[in-house]
């Protein structure tokens, strides 16, 4: 086995440019998934049963099928369903946001249910409207409890974002593959890509713990 990492050194800056592409997709999809996940979680605990059934069906579908399948359906199926081709970057954000929302909704639902029922009863006794109670009292407490789980979902989303290479998005993986094709040697650039993803996860884990500690101090 002959390995030569020296030959790909000039191409490392090109691979590193994919970090911004990956982070943009993950950040936008994560924010959209979080917002939609809150809506789904409220549907699931709603006293109006059809909303709960709808949210449960959505979660079941997106958790029960592979993310790469969802990505391909949105990207390759858009001309047939919508009549026009969705851009790869847009398709990646949509698929990741929809998939992430299904998982985040379950995390938030569990966090809401974990909040002491006395908080809700006290708010209702004081005449606090339901929306204000959820937004100002219940959700802030729930988020503190589920922050580690949310951070883990964000880290998972960062790693799974590598599948966007299947639809041609110029992320870290795609650029590494192109470098491998240029030198007819794929092992070295893929190892570099792996190290980049690993360092990104380490940094995100550290930031997550930092935020968690600050939130605990604020209790």
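Each reported figure results from applying straightforward, stated rules to the coordinates on display, with no laboratory input. The shown structure was predicted, so the numbers you read here are calculated from the model rather than taken from an experiment. Glycine gets a Cβ as well: all are built from the backbone with ideal geometry, and neighbour counts include every protein chain shown.
General remarks:
- For the pair the stretch 156-179 and the stretch 60-101, the centres of their Cα atoms are 15 angstrom apart.
- Helix-only mean residue ellipticity at 222 nm for the chain, each DSSP H run of n ≥ 4 adding -39500 (n - 2.57), per residue, nearest 500: -26000 deg cm²/dmol
- For the peptides 10-17, 168-175, the ranking by packing is 168-175, 10-17, with the highest mean count of neighbouring Cβ atoms within 10 Å listed first.
- The chain: angle of helix 88-114 to the longest principal axis, Cα-based, in degrees nearest 10: 40
- For the pair residue 90 and residue 198 in one chain, pulling the backbone fully straight at 0.36 nm per residue adds 36.4 nm over the alpha carbon distance.
- Rounded if a/c under 1.5, otherwise prolate or oblate - the stretch 80-206, Cα gyration tensor axes: oblate
- Peptides 106-116, 55-65 ordered by packing proxy, namely the average of other Cβ atoms within 10 Å per residue, highest first: 106-116, 55-65.
- Spacing of the two label points (7 Å from each Cα toward its C-beta) at residue 177 and residue 149, in nm: 3.4
- The chain shape via C-alpha gyration tensor axes, a/c threshold 1.5: oblate
- Computed from Cα positions, the angle between helix 49-64 and the longest principal axis of the chain comes to roughly 20 degrees.
- Acute angle (nearest 10 degrees) that the helix 139-160 long axis makes with the longest principal axis of the chain, alpha-carbon atoms: 20
- Here residue 216 and residue 184 are evaluated by their C-beta separation; at R0 = 35 Å the FRET efficiency comes out at 0.10.
- For the chain: relative contact order, % (alpha-carbon pairs under 8 angstrom, 6 or more apart): 29
- Eigen-decomposition of the gyration tensor built on the alpha-carbon atoms of the stretch 33-101 gives equivalent ellipsoid semi-axes of 26, 12, 11 angstrom, largest listed first.
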